[in-house]
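Structure first, then comments.
The values are calculated or read from the model by the stated rules, or taken from the named source; none is laboratory data. Nothing here was measured: the structure is a model prediction, and the numbers come from that model. Reconstructed Cβ throughout: ideal geometry from the backbone, glycine too, with neighbour counts over all protein chains shown. To get the accessible areas, we keep the full protein, side chains included, count just its heavy atoms, and leave off ligands, DNA and RNA. Shrake-Rupley method; radii C 1.70, N 1.55, O 1.52, S 1.80 Å.
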Amino acid sequence: MPPEGLTRAQALERLETFLPRAGSAYARDRNIDPGPNDTGHVSKLSPYVRLRLIGEWELARAAEKAHGAAANKFIDEVCWRSYWRGYLEMRPALWTRYVDYLLSDEAETTRQTDTYRAAVYGQTGIDAFDVWTTELITTGYLHNHARMSFASIWVHTLRLPWQLGAAFFLEHLLDGDEAANTLSWRWVAGLHTPGKVYLASTEAITTCSAGRFRPTGLARTAAPLASETLAPVVALPTAQPSPRAPSVLVVTSEDLGADGFRVAQQSIVGVAALVTGKAPVAAATASVAQTLAQQIGTEVRLFSSRAELESALTAFETRTLLTSRLPVGLTRTGLNSVLNDTGEPIRLYERTRLWDAIAWPAASRGFFAFRPVIAHLMALTDPGGFQDKP
Ligand SMILES: Cc1cc2nc3c(=O)[nH]c(=O)nc-3n(C[C@H](O)[C@H](O)[C@H](O)COP(=O)(O)OP(=O)(O)OC[C@H]3O[C@@H](n4cnc5c(N)ncnc54)[C@H](O)[C@@H]3O)c2cc1C
């Protein structure tokens, strides 16, 4: 079952428990998935990292402190998240094309097929795949190797569109991340690195599932890809000056505080929480906003519509919002639609964490080209701080 409540305390506890395995044991065993009832060899911290209840920098630094250079593999994997985020930020068209496809007639027609239904109900008859479908739906988590194999079977054996598989993952994963998910599916399909696809094999699945599965009939060649034009690369926005007016701090599931919101220099008159998405995520967002409001000595309002936000702004007597940077994805789309609804203009200021400000622009090409920035990230004095401008 998914965690009952997602809290920073749980994240810190889980990190502490996992830390002894974040060094050479992780490098050796991380691809082995003994199943959901075993502690396993990976941290299972992804839902907490996704919500920024804990920062990538906290995982990476704790591992480095405990293991030195032996933690490099774990730190690399942590930084894959930052890499994917930056890559999508610079290519937002990859996200909008994916969303457009999901709304297309072709997608709807595919959803009516027996193959699609069998896949999402876990009734394909393919050993491993059907078990993973149930595991995904009931726990909200899958091991990385299971995700790779699942996506490969979906695309190359079942010949279903990668976009529908990515949407199925995003619907059920508690760590569902628009960048890591969309771009990993594209990588498996062969769209990320030209000429490279991920083709799951019976042997790899048997080894990586610790002998639990031995699927047969898997595709030995990759499904042909529909050609697509390159997504244009856009410049990342520069840091905004801090608002002069008193502001409402908007808490969203993109950033639940990691190691603090650093609001001491800001004039915060209220807290508003955008509560959307899966129940545990909405509950965690509301809970963090409540705690934060108590710490600041103000009130909290929850909103998911323009009317609710207007009511909060009236109560707090300002039309200025301050929030952590909203990357490309569902939360940004949701808040934009609230802000663009008819009514008096509302000013939104976004603050970017230093970790993201350094990592994202470095994700312009492949991960190999990104890797040198990891040393820079690890050397930051305050990676969780914000790139505020006076
Ligand atoms: C098809 C597919 C879809 C995926 N969808 C998502 C998603 O929606 N959300 C998501 O967070 N990850 C996604 N991943 C990446 C990866 O599978 C998960 O981050 C990882 O399995 C989480 O488990 P963990 O916390 O035990 O990871 P650990 O191995 O313990 O790693 C620690 C942290 O590093 C980050 N991380 C590790 N590996 C990766 C990776 N390959 N890519 C990006 N970040 C990584 C995560 O934040 C993770 O919590 C996807 C991978 C594939 C192949």
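Given the condition more than 30 Å from Arg332 (Cβ to Cβ) and within 16 Å of the ligand (Cβ to nearest atom), answer yes or no: does some residue in the range 209-217 qualify? Break it down stepwise before answering.
Start the filter on the range 209-217 by keeping residues that are more than 30 Å from Arg332 (Cβ to Cβ), which leaves 209-217.
If we keep only those that are within 16 Å of the ligand (Cβ to nearest atom) too, we end up with 209-210.
Yes, some residue in the range 209-217 is more than 30 Å from Arg332 (Cβ to Cβ) and within 16 Å of the ligand (Cβ to nearest atom).
Would you mention how many residues in the range 373-390 are loosely packed, with under 13 Cβ neighbours inside 10 Å and either assigned to a helix (DSSP H, G or I) or of a type in the set (Gly, Ala, Ser) (or both)?
Qualifying residue count for the region: 3.
Give the number of residues within the range 333-372 that are in a strand (DSSP E or B) and either open to solvent by 20 Å² or more (accessible area, probe 1.4 Å) or among the β-branched types (Val, Ile, Thr) (or both).
The total comes to 4.
Is one or more of the residues making up the range 203-210 assigned to a loop (DSSP other than H, G, I, E, B) and open to solvent by 20 Å² or more (accessible area, probe 1.4 Å)?
Yes, some residue in the range 203-210 is assigned to a loop (DSSP other than H, G, I, E, B) and open to solvent by 20 Å² or more (accessible area, probe 1.4 Å).
Condition (residue is among the small types (Gly, Ala, Ser), open to solvent by 40 Å² or more (accessible area, probe 1.4 Å) and either farther than 14 Å from Glu350 by Cβ or not in a loop (DSSP other than H, G, I, E, B) (or both)) applied to the range 247-258: is it met by at least one residue?
No; the residues of the range 247-258 include none that is among the small types (Gly, Ala, Ser), open to solvent by 40 Å² or more (accessible area, probe 1.4 Å) and either farther than 14 Å from Glu350 by Cβ or not in a loop (DSSP other than H, G, I, E, B) (or both).
Checking Gly277 against (1) small (Gly, Ala, Ser); (2) out of contact with any Leu (no Cβ under 8 Å at 6 or more places or on another chain); (3) in a loop (DSSP other than H, G, I, E, B); (4) over 25 Å from Glu58 (Cα atoms), which single condition isn't satisfied?
Of everything listed in (1) small (Gly, Ala, Ser); (2) out of contact with any Leu (no Cβ under 8 Å at 6 or more places or on another chain); (3) in a loop (DSSP other than H, G, I, E, B); (4) over 25 Å from Glu58 (Cα atoms), Gly277 misses just condition (2).
Quick one: in the range 157-175, which of the residues that are small (Gly, Ala, Ser) and more than 18 Å from Tyr87 (Cα to Cα) is surrounded by the fewest Cβ atoms within 10 Å (Cβ to Cβ)?
Top of the filtered list is Ala167.
Quick check: is even one residue across the range 131-139 farther than 24 Å from Pro34 by Cβ and either within 16 Å of the ligand (Cβ to nearest atom) or touching a helix residue (DSSP H, G or I) at 6+ places or on another chain (Cβ under 6 Å) (or both)?
For the range 131-139, residues farther than 24 Å from Pro34 by Cβ and either within 16 Å of the ligand (Cβ to nearest atom) or touching a helix residue (DSSP H, G or I) at 6+ places or on another chain (Cβ under 6 Å) (or both): absent.
Just the residues that are within 19 Å of Gly40 (Cα to Cα) and surrounded by fewer than 19 Cβ atoms within 10 Å (Cβ to Cβ), please, taken from the range 120-130.
Result: no residue meets the conditions.
Evaluate the range 11-24: report whether one residue or more is open to solvent by 10 Å² or more (accessible area, probe 1.4 Å), within 10 Å of the ligand (Cβ to nearest atom), more than 21 Å from the chain's Cα centre (by Cα) and at pLDDT 95 or above. Please lay out each step first, then the result.
Just the residues of the range 11-24 that are open to solvent by 10 Å² or more (accessible area, probe 1.4 Å), to begin with: 12-17, 19-21, 24.
After this cut, where a residue has to be within 10 Å of the ligand (Cβ to nearest atom) as well, the list is 14-15, 21.
Next, from what is left, pick out any that are more than 21 Å from the chain's Cα centre (by Cα): 21.
Right, trim to at pLDDT 95 or above and you get 21.
Within the range 11-24, one or more residues are open to solvent by 10 Å² or more (accessible area, probe 1.4 Å), within 10 Å of the ligand (Cβ to nearest atom), more than 21 Å from the chain's Cα centre (by Cα) and at pLDDT 95 or above.
Could you list all residues from the range 153-175 that are in contact (Cβ under 8 Å) with a residue 60 or more places away in the chain and more than 7 Å from the ligand (Cβ to nearest atom)?
Ile153, Val155, His156, Thr157, Arg159, Pro161, Gln163, Leu164, Ala166, Ala167, Leu174
Need pairs with beta-carbon distance below 7 Å; first residue open to solvent by 30 Å² or more (accessible area, probe 1.4 Å) and assigned to a loop (DSSP other than H, G, I, E, B) and within the range 176-200, second near the ligand (Cβ under 10 Å from one of its atoms) and of a type in the set (Lys, Arg); sequence gap 6+ or separate chains.
His192/Arg186
Residues of the range 311-332 being open to solvent by 10 Å² or more (accessible area, probe 1.4 Å) and either in contact with a Gly (Cβ under 6 Å, 6 or more places away or on another chain) or farther than 25 Å from Glu171 by Cβ (or both), which ones?
Across the range 311-332, the qualifying residues are Ser311, Thr314, Ala315, Phe316, Glu317, Thr318, Arg319.
Per-residue answers, yes or no, for (1) of a type in the set (A, V, I, L, M, F, W, C); (2) assigned by TED's automatic domain parsing to the domain that holds Val281; (3) open to solvent by 30 Å² or more (accessible area, probe 1.4 Å):
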site: Ser43; (1), (2), (3): no, no, no
site: Arg52; (1), (2), (3): no, no, no
site: Leu59; (1), (2), (3): yes, no, no
site: Arg81; (1), (2), (3): no, no, yes
site: Thr96; (1), (2), (3): no, no, yes
site: Leu102; (1), (2), (3): yes, no, yes
site: Glu106; (1), (2), (3): no, no, yes
site: Ala118; (1), (2), (3): yes, no, no
